[in-house]
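Some notes on the structure that comes next.
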Amino acid sequence: MTVQTAEKVGATRTGTLNDSATELLAALAALPADHPSRAALRDRTIEAWLPLANHLAHRYSGRGEPTDDLLQTAAVGLIKAVDKFDPSRGVDFAGYAIPTIIGELKRHFRDRTWDIRVPRRLQELRLAISEANSSLLQTLGRSPTVADVAAHLKISEEEVLEGLEGARAYNAVSLSTPT
C-alpha cells in the first residue's frame, strides 16, 4: 500500500467498506512515523479493533475485578499490539494482538488482585503447587502431603510451605474482622 492510498484510507471519515480494521492496519504501516495523519489513523485503528479487546476482557470478568478495569487493561494491551505490530512478518494481526491483550490482562490480575503484595516468584510457586496438588490427587488417589508436592516439583519442603503461606495473601482477612 502506498502512502497516498494510506492517506486516502486515513482520510475517509464515513466508515465505508474500504475502512475495515485490516485495511486500517495496512494503511498505518504504510505511513511514515512522522506523517501528520498517522496519529488519527492510529486512533481509528485502535477503535476498529476495540471489540476484540472488549471480548477478551469479558472472558476474564466475574473473577473479582471490576469489568471497567478489565476493559481498560485490555485496551492498553490493544494499544501496545497496534504500536508494536509489524505486518512485514506475515503474521495476522489478531494472532499477534490476542496473546498481547491476554498477557496484559493476566499481568493485571497478577499485579493488582492480591490483597498483600507477594513476590512474583511466590505467586508462580502458588500456581505450581496448586497444579501439582490436582495432578497428585489424581495419581495418588488421596490428598498429597507436603513431601509429595516437593518431590513432584523437585523443590524442598520448605519452599512448598513458603508457597502455601504466600497463597494465603491472595485473600487476606481484615484485622478488624470479628473472630
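The values are calculated or read from the model by the stated rules, or taken from the named source; none is laboratory data. The model shown is predicted, which means the values in this text are computed figures rather than measured ones. All Cβ positions, glycine included, derive from the backbone under ideal geometry; neighbour counts span all protein chains shown.
Restricting to the range 101-129, name every residue that is surrounded by fewer than 18 Cβ atoms within 10 Å (Cβ to Cβ) and modelled with pLDDT of 90 or more.
ILE102, GLY103, ALA128
What is the number of the single condition among (1) touching a helix residue (DSSP H, G or I) at 6+ places or on another chain (Cβ under 9 Å); (2) more than 26 Å from ALA27 (Cβ to Cβ) that PRO66 does not meet?
The failed condition is (1).
Please work out which one of (1) free of Cβ contacts under 8 Å to residues at least 60 places away in the same chain; (2) within 22 Å of ARG44 (Cα to Cα) is the condition LEU125 fails and give its number.
Unmet for LEU125, out of (1) free of Cβ contacts under 8 Å to residues at least 60 places away in the same chain; (2) within 22 Å of ARG44 (Cα to Cα): (2).
Could you identify the single residue in ALA48, ALA27 that is in contact with a helix residue (DSSP H, G or I) (Cβ under 7 Å, 6 or more places away or on another chain), over 30 Å from ARG112 (Cβ atoms), buried (at least 17 other Cβ atoms within 10 Å of the Cβ) and at pLDDT 80 or above? Show your work before the answer.
Values: ALA48 fails: over 30 Å from ARG112 (Cβ atoms).
After applying the criteria, what remains is ALA27.
So, of the residues in the range 146-179 that are touching a helix residue (DSSP H, G or I) at 6+ places or on another chain (Cβ under 9 Å) and not in a helix (DSSP H, G or I), which turns out to be modelled with the lowest pLDDT?
Applying the filter and picking the extreme gives TYR170.
Only residues that are loosely packed, with under 13 Cβ neighbours inside 10 Å and charged (D, E, K, R): list them for the range 132-159, please.
Across the range 132-159, the qualifying residues are ARG142, LYS154, GLU158.
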